[in-house]
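I have placed the structure first, in the form of structure tokens, so that the comments after it can refer back to it.
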Amino acid sequence: MVWPMVAVVLGFAGLAVLGVLAVRVFLEVRRLARQVAETSARINTAAEELERAATRLPPPR
């Protein structure tokens, strides 16, 4: 009777570890998504500034 209880306890412990790791992965993915969004906004701003600067250039001869 001891071995089945040990197996059940180890199963629950394994699920708990997987749950903790899943939460950590979820939080890191959210952080990465925020960084990607911020970087995308910076790239869009830089592209707009480049486009404005290019329109002020004299036409080629």
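The values are calculated or read from the model by the stated rules, or taken from the named source; none is laboratory data. In this text the structure is predicted, and so the values were computed from the model without any measurement. Calculation scope for accessible area: heavy atoms of the full protein, side chains included, ligands and nucleic acids excluded. Shrake-Rupley method; radii C 1.70, N 1.55, O 1.52, S 1.80 Å.
The set of residues in the range 33-54 being aliphatic (A, V, I, L, M), open to solvent by less than 100 Å² (accessible area, probe 1.4 Å) and under 21 Å from the mean Cα position of the chain (by Cα) consists of A33, V36, A37, A41.
If you go through the range 1-19 and pick out every residue that is open to solvent by 90 Å² or more (accessible area, probe 1.4 Å) and β-branched (V, I, T), you end up with 2. The criterion of being open to solvent by 80 Å² or more (accessible area, probe 1.4 Å), more than 22 Å from the chain's Cα centre (by Cα) and modelled with pLDDT under 95 holds for L57.
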